[in-house]
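Visitor: Here it is, the structure, as structure tokens.
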Amino acid sequence: MTTFQNLSLPINLLENLKSLGYETPTPIQEQSIPLLRDNKDLIAQAKTGSGKTLAFLLPLILKLDENEHFPQALIIAPTRELCEQISGEANKLARYKKDVKVITLYGGTSLRTQVASLEKGADILIGTPGRLLDHFSRETIHLGEIKTLILDEADRMLDMGFADDILKLVSNLPKQRQSILFSATYPENIDKLTKVILKNPVEVKIVSKEKEVTIEEFVYEVDDKDKALLTTLKHFQPNLALIFCNTKVKTTEVSDMLHKQGFDVATLNGDLEQYERQEMLLQFANGSLPVLVATDLAARGLDIDGIDLVINYDTPMKTEDYTHRIGRTGRAEKSGLAVTLCDEYGMRKLSEIKPQLKAENISTLTPNKNFYMQGEVATLCIDGGKKKKVRAGDILGTLCKEIGIEPKEIGKINVYQKNSYVAIKKTVIKKAFNGLKSGKIKGKNLRVWWLD
Ligand code: ADP
Ligand code: MG
């Protein structure tokens, strides 16, 4: 078995990988990393959850020139959430180097703030096509020193109609560069990008072996989808459930319905402000709101640990959408479960996109009517983050040492630029809230509020 050691990486990077819990490279990493270090252009295809992010970030971070003042790498990704996820990984991976600066650029947040951080300099830019192009036409980003271009989730970007924006952006990059394209599926029209953008690319395709397929799939033909949804949840009794609807309106309706039935629910759709989207995802991932109802916005690239059930409340419109939706479970070698609820129209649609799936009778399920999904924890938001030099350890310290909360009553802590979030067992959250309100973190009085 290949280990990261076999890839002849610098010792401080190896130590960092170890501290992040990465011991052995996944197949796509094992194959891509040497090629990318060798400056080859690359087309890489591997299923979701196979570790593509690290496959492109690791060689990139190795190569960064610490003396360069302008951005050296441009990563284009389809959604804001994915940009944030890649940026998080990049920051963790780059910890072993000095001052690697990563900036995310996507719509829904103020251009002015982005311009201000661009002015301070950056090494890696990660953005969505539209916002990047916006910055380019305003001349607020400098692309003249870009040495590496990465297109992540290229299939999704084509789907979303970003091809022209991408081509326009890329035509303004230096010709001398390395170009890399990562995708989970390989749609026919992808030539549109590869022919123009890549030079003599090497292709790496990881075919998943039978035993890696760990997602069990069920289809139920039903008249009443709300009722069927409750039956499904109460039968399978997941820890974290992700429910997909085809429209924004439907996500709200389904969330409201579940909420009335006693479930703690998050909703994610394109109508929400950026910070709301981030807070919804965060509360889902930390278990405060263990059900997430979302549009296909959440279908690609999102990596949330421990989603054990994906439900298609609406039948997806395309085979790729189906694949990506159910790919949110069964990640990192864990098994997962996917259920599709179809009315008559949905059945017809499903027979087009997934003819091999056969419907079963939902009456075979045995729901437990007393089962609800409610977060054992809730989330507190603290008005201080990286900018105020707040770290997870500071929050933990105040909570445990000064307020008297047990470490086991504290869940995930997320520290962002301006705010931090901490998940706390509901049994002690009042105490934590009052304590934080009147106490100090790192010697500072910070405002605290409760998310719900
Ligand atoms: P993809 O982009 O292929 O869908 P991701 O890059 O999001 O997949 O990775 C999926 C998960 O696997 C992430 O949680 C990531 O931290 C984890 N992961 C990636 N590489 C490794 C590795 N070498 N060892 C263990 N876990 C890994
Ligand atoms: Mg990915």
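Visitor: If the Cβ limit is 8 Å and pairs must be 6+ apart or interchain, which residue in region 287-307 that is over 17 Å from A77 (Cβ atoms) pairs with which residue that is among the acidic types (D, E)?
Guide: G287/E376; S288/D264; L289/D264; P290/D264; V291/D264
Visitor: Condition first: within 16 Å of ligand 1 (Cβ to nearest atom) and without any contact (Cβ under 8 Å) to a residue 40 or more places away in the chain. Can you find one or more residues in region 65-80 that meet it?
Guide: No: region 65-80 contains no residue that is within 16 Å of ligand 1 (Cβ to nearest atom) and without any contact (Cβ under 8 Å) to a residue 40 or more places away in the chain.
Visitor: Could you run through region 268-282 and say how many residues are more than 18 Å from L380 (Cα to Cα) and either loosely packed, with under 15 Cβ neighbours inside 10 Å or touching a residue at least 12 places away in the same chain (Cβ under 8 Å) (or both)?
Guide: Number satisfying all stated conditions: 6.
Visitor: Still on this structure, I have one more. Pull up region 22-72, narrow it to residues that are under 30 Å from E119 (Cα atoms) and among the polar types (S, T, N, Q), then point me to the one that is farthest from ligand 2 (Cβ to nearest atom).
Guide: N67
Visitor: Please state which of the following conditions T323 fails to meet, knowing it meets all the rest: (1) under 15 Å from V222 (Cβ atoms); (2) surrounded by 15 or more Cβ atoms within 10 Å (Cβ to Cβ).
Guide: Unmet for T323, out of (1) under 15 Å from V222 (Cβ atoms); (2) surrounded by 15 or more Cβ atoms within 10 Å (Cβ to Cβ): (1).
Visitor: Count, please, the residues in region 315-332 that happen to be within 12 Å of ligand 1 (Cβ to nearest atom) and not in a loop (DSSP other than H, G, I, E, B).
Guide: Selection size over region 315-332: 2.
Visitor: Just to be sure before I move on: is V390 under 22 Å from the mean Cα position of the chain (by Cα) and surrounded by 15 or more Cβ atoms within 10 Å (Cβ to Cβ) in the structure I sent?
Guide: Answer is no for this residue.
Visitor: Looking at D343, D308, D314 in this structure, which one is more than 19 Å from the chain's Cα centre (by Cα), buried (at least 17 other Cβ atoms within 10 Å of the Cβ) and away from ligand 2 (no atom under 16 Å from the Cβ)?
Guide: The match here is D314.
Visitor: Continuing with this model, one more query. State all residues of region 393-425 that are of a type in the set (K, R) and outside any helix (DSSP H, G or I); if no residue qualifies, say none.
Guide: Passing the criteria: K412, K418, K425.
Visitor: Evaluate the following for L82: is it within 15 Å of ligand 2 (Cβ to nearest atom) and under 18 Å from P10 (Cβ atoms)?
Guide: no
Visitor: For region 426-452, give me the residue count where each residue is touching a residue at least 40 places away in the same chain (Cβ under 8 Å) and assigned to a helix (DSSP H, G or I).
Guide: 5
Visitor: Exactly one condition in (1) away from ligand 2 (no atom under 15 Å from the Cβ); (2) farther than 25 Å from S8 by Cβ; (3) not acidic (D, E) is not met by A77; state its number.
Guide: Unmet condition: (1).
Taken together, the values in this text are just the output of simple stated rules run on the coordinates, not laboratory data. Being a predicted model, the structure only gives us computed values, none of them experimental. Quick reminder, even Gly has a Cβ in these numbers, built from the backbone with ideal geometry, and neighbours come from all protein chains shown.
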